[in-house]
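The values are calculated or read from the model by the stated rules, or taken from the named source; none is laboratory data. None of these values were measured; they are calculated from a predicted model. Glycine also receives a Cβ, built like all others from the backbone with ideal geometry; neighbour counts cover every protein chain displayed. Note: areas computed on protein heavy atoms with side chains; ligands, DNA, RNA excluded. Shrake-Rupley method; radii C 1.70, N 1.55, O 1.52, S 1.80 Å.
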Amino acid sequence: MILITNDDGCWAPGLAALHRVASRFGRVVAVAPDRNRSAVSSAMSLNDILRLHDLGGDRYACTGTPVDCVLVGIRAVLKREPDWVLSGINHGFNLGEDVFYSGTVGAAFEGCQQGARSVAFSIDPQGDLAQAERWAGLFLERWEAMELPANRIWNVNLPKGEPRGFRLCGQDTRKYHDLVEERADPRRTPYFWIGGEMGPTYAQGPGSDAEAALSGYVSVTPLRLDLACPEVMGRRKDFDRTFNHGAP
């Protein structure tokens, strides 16, 4: 059983492409937001009711976030743990620190927490979905042969042109040229618009996801839910000396 979702909304072409790919591997149920929910990360609708609209053909539109879609899909639609949770194919990269904002990645992490093997797919905003569909299929043909430890997902970014192959990568760093613009509505009440006139600038460090994807490779990055910092955890004596010295 395969559950698919996204953050671009239930009518996004990337979700349709992912549905076609996933259908080669088993029964697919799509539960996706009823509108664009980009950049909501792992948000859950704790204070709002959720409605589910049956679109037919094992396809559902949910009024919630991508994480809501995964939870409702598993608990209310499938009523069982899926084998795979696939998220995407997102219109636009999720590279570097983008993963902390991405609803696409948030949905994959939720699938992982619910016990499924999970992956987030994204594509260059000027990329060819037909090529992305083919390479996503190649990835899904092979991914079960490479085991991940518990609480890990794959983050896959597909380049603009014909990929040169797959590349295992770490995360890059990036700078967004965000701006907070103050505007006024017709009643002259101020409001704010968060956005940017240009996309992010990636460092493209050696071995990073951005370097790979922007060089024509499919970047494949293992991400983990455990964000603890191992280099600091290894300094327990320093910690105790600093924080517990003279403590009551």
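Amide H contacts of residue 205 (H built 1.01 Å from N, in plane; Pro and chain starts excluded): 173, 211 sit under 5 Å, all sequence-distant by 5 or more or on other chains. Ignoring the sites themselves, the chain has its longest run without GluC sites (Glu not before Pro) in a DSSP loop having at most 12 other Cβ atoms within 10 Å at 1-146.
A 1.4 Å probe run over the protein chains yields, for the range 92-150, 40 Å² of accessible area per residue, whole-number rounding. Taking a ≥ b ≥ c as the square roots of the eigenvalues of the Cα gyration tensor, an a/c ratio of 1.5 or more together with a/b no larger than b/c marks the range 91-248 as oblate.
Taking square-rooted eigenvalues a ≥ b ≥ c of the alpha carbon gyration tensor, is the range 1-118 rounded, prolate or oblate, where a/c under 1.5 means rounded and, failing that, a/b exceeding b/c means prolate? Taking the square roots of the gyration eigenvalues as a ≥ b ≥ c, the range 1-118 is rounded.
Report the far tail of the P(r) of the range 96-189, meaning the percent of Cα-Cα pairs longer than 18 Å. Counting pairs separated by more than 18 Å, the tail of P(r) holds 58 percent.
Report the Cα centroid-to-centroid distance between the range 32-70 and the range 106-159 in angstrom, as an integer. So the separation of the two Cα centres works out to 20 Å. In order along the range 35-40, the phi-based Karplus estimate (6.51 cos²θ - 1.76 cosθ + 1.60, θ = phi - 60°) of 3J(HN,Hα) comes to 7, 5, 10, 5, 6, 9 Hz; Gly and Pro are listed as x.
Here the accessible area is traced with a 1.4 Å probe on the protein chains. For the range 148-191, carbon and sulfur cover 47 percent of it.
From the P(r) of the range 192-236, can you give the percent of Cα pairs sitting at distances over 12 Å? Tail of P(r) above 12 Å: 74 percent of Cα pairs.
For the range 94-150, the square roots a ≥ b ≥ c of the C-alpha gyration tensor eigenvalues yield an a/c of 1.5 or more together with a/b not exceeding b/c, which makes the shape oblate. Normalising the average separation of contacting C-alpha pairs (under 8 angstrom, six or more residues apart) by the number of residues puts the relative contact order of the chain at 17 percent.
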